[in-house]
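The values are calculated or read from the model by the stated rules, or taken from the named source; none is laboratory data. Just so it is clear, the structure is predicted and the values come from calculations on it, not from any experiment. Neighbour counts are summed over all protein chains in view; Cβ atoms, including those assigned to glycine, are modelled from backbone coordinates with ideal geometry.
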Amino acid sequence: EIIDQYCDLQDASTLAAQILAHDPGLVGFSCLTPNMGAVLEAVAELRRRAPGLPVVFGNTHAAVFSDRILRRGEADFVVLAEGEEPLLGLVEALEAGRLPEGVPGVGYVDPATGEPVIQPARRPTRPLDEVPWPDWSKIDLSRYDSHPMIAMDGVTLPIQGSRGCAYSCTFCAQDQVFQAVRRRSPANICDELEHHIERYGVTRFGFIDAYWPLSVRKGHEFLDELERRGLHRRITWVTETRVDKVDEGLLRRMAADGCRLIMYGIEFGSDEALASTRKHARTSQAEDAIRWTHEAGILTLGLYVIGMPGETEDSIRRTLAFARKLGTDIAKFNIAVPLPGSAFFEETIGSQRDSLDYDAFHSWFNPFASGRDLVWTPDGLDGRRLVRLQRQGMLRYYLRPRHVRQVLRRRAIKPADMALGGVALVGDAAGAWLQGLRRRAS
C-alpha cells in the first residue's frame, strides 16, 4: 500500500496508525527541509506507539543533516545520495541481525560509543536502465487527474529520463543526492511509456528530470525512438529544460511528437544575476527559446526567482518586467529560499542550521499570515516587501488583457481555473491590504 498523507489530509496520529497496521520492520521517510515538521511529528507518534521500530531518513535533508539527525535520535539510520543500493544494503544488514557497517551511503549510531558513523556514498554501480520502474498499482490514480499548472487534464504519470545535473546553480541542492549525471537509453524510456499505457491506460506523462532533454542531440535521439514505435501518436507529455538546450528544429519535432508544455528555469531578468548564481545562461537565450517554443505551438511556463543575495527592488522589478516581455503562457515567481545543501544556504544562514524554522522553507510561506519573517532576505528588503513585490508581479502578469487573450487562444488555462486564480490573486492582495490597515490603526 502507498499512503499519500497530503492527499488524504492525515494528521500524524492517523498516519502512524495506518503505517503500523502493516506491521513494518522498517519505516522510511523521504526528507526535504520544508516537510520536516510533518516528518518529525509522524516519527514521534511512531516512537510512542511502537518503541524500537527502526526509522530511516533519506533525500536531501537527510544527506545534509545526517550527523545531527542521528545525534538527536530523529532517525535510527540515514541513507545518503541515491537510495536504491544503500537502502538494500541496510535492509539486508537488519535482516541478518547486524549493524550496516561497511554499507556505503548509510549512517547509523555506533552502540559502543554513541557516536554517529557516516559512511560516504559511492557512485551507483547499477545503470539506470536496470532500475525497476515505479509500480503505480497501489495508488488510486483517478485522484490525480487535474494539473492546471502544467496545462494537463487527466491522470499524468511522472517519467525520469535522467538523474543529476551538470550545473551548480547557487540556489539548488540537487547535487547532495545526485553525484553525477546519469541517463537512461531512449529505448528504456519508451519501454516504460509503453508499459504504463498498457498497464494503467495512461497516455499523459511529465518528465521530472532537472532538465530534459539533456541536449539537442539527445533530444532528437529520444524522438527518433518515440516515432519508431509510434508512441508520438499515442501520448501527450510535458517537460522542464534549460533555455540553452533547445533549438528551432528540436522544438518543432517535440511539438509534432506530443509535447504540450515546456517549463523553463528563466530565473532572472538580467545577465548579471544569472552569472552571480552560476546559471550559465543568458537572457538572450531565454528570448530565443520562448519565441521558438511559441512558434512551434508548445505552451510555456516560466520559472523565476526574486530575492537572491545582492538583489534590490530595482533588480527584482527588472525580472518582473522581463517576464512580461517574454510572455510565457504561465509564470511562477518564487521568493528565494536558501535550501539546505545549496551554496545559497551556506553563504547566508548555514550557521543557523541548529535552529531552522522548517515551515518557513515552504514556497507558500506567508509572513503576513504567520507573523514571522522569511528565513532570509537580502539587505534592504524584508519578507513583507518581497511578498508584496511577488503579488504585484503576479497581478501585473496575469491581469493584462493581452495575456488573458493569449491564454484563452492557446488553451493554456481553462476559463474556470483562470477565473478562480484571478479571484484568489485579488482576494489575497485585498486581504494583505486590510491587514496593513489594521496594523497601522493599532
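Values computed for the structure shown
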| quantity | calculated |
| --- | --- |
| Filter pass, LEU26 being more than 30 Å from SER162 (Cα to Cα) and surrounded by fewer than 21 Cβ atoms within 10 Å (Cβ to Cβ) | no |
| Residue check for TYR108: crowded, with 20+ Cβ neighbours inside 10 Å and not charged (D, E, K, R) | yes |
| Filter result (under 21 Å from GLY201 (Cα atoms) and among the aliphatic types (A, V, I, L, M)) within segment 221-240 | LEU226, LEU231, ILE235, VAL238 |
| Sole residue being touching a helix residue (DSSP H, G or I) at 6+ places or on another chain (Cβ under 8 Å) and in a helix (DSSP H, G or I), chosen from ARG372, ARG396, ARG402 | ARG396 |
| Residue under evaluation VAL387, criteria (1) over 22 Å from THR300 (Cβ atoms); (2) touching a strand residue (DSSP E or B) at 6+ places or on another chain (Cβ under 8 Å); (3) β-branched (Val, Ile, Thr); (4) modelled with pLDDT under 90, criterion not met | (4) |
| Residue ranges of helices (runs of 4 or more DSSP H) in segment 233-325 with at least 1 members surrounded by fewer than 21 Cβ atoms within 10 Å (Cβ to Cβ), over 23 Å from the mean Cα position of the chain (by Cα) and at pLDDT below 95 | none |
| Candidates PRO51, PRO34, filtered to the one that is over 25 Å from ASP140 (Cβ atoms), in a helix (DSSP H, G or I) and either among the aliphatic types (A, V, I, L, M) or in the same structural domain as GLU84 (by TED's automatic domain parsing) (or both) | PRO34 |
| Check on SER142, in a helix (DSSP H, G or I) and not assigned by TED's automatic domain parsing to the domain that holds ARG48 | yes |
| Residue satisfying all of: in segment 124-139; part of a helix (DSSP H, G or I) and touching a residue at least 40 places away in the same chain (Cβ under 8 Å); surrounded by the most Cβ atoms within 10 Å (Cβ to Cβ) among these | LEU128 |
| So SER342, is it assigned by TED's automatic domain parsing to the domain that holds ALA430 and surrounded by fewer than 15 Cβ atoms within 10 Å (Cβ to Cβ) | no |
| Of all residues in segment 140-172 being hydrophobic (A, V, I, L, M, F, W, C) and surrounded by fewer than 17 Cβ atoms within 10 Å (Cβ to Cβ), the one that is farthest from VAL64 (Cα to Cα) | LEU141 |
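Residues checked against (1) within 21 Å of THR113 (Cα to Cα); (2) crowded, with 18+ Cβ neighbours inside 10 Å:
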{"site": "SER30", "(1), (2)": "no, no"}
{"site": "MET36", "(1), (2)": "no, yes"}
{"site": "ARG47", "(1), (2)": "no, no"}
{"site": "VAL56", "(1), (2)": "yes, yes"}
{"site": "GLU84", "(1), (2)": "no, no"}
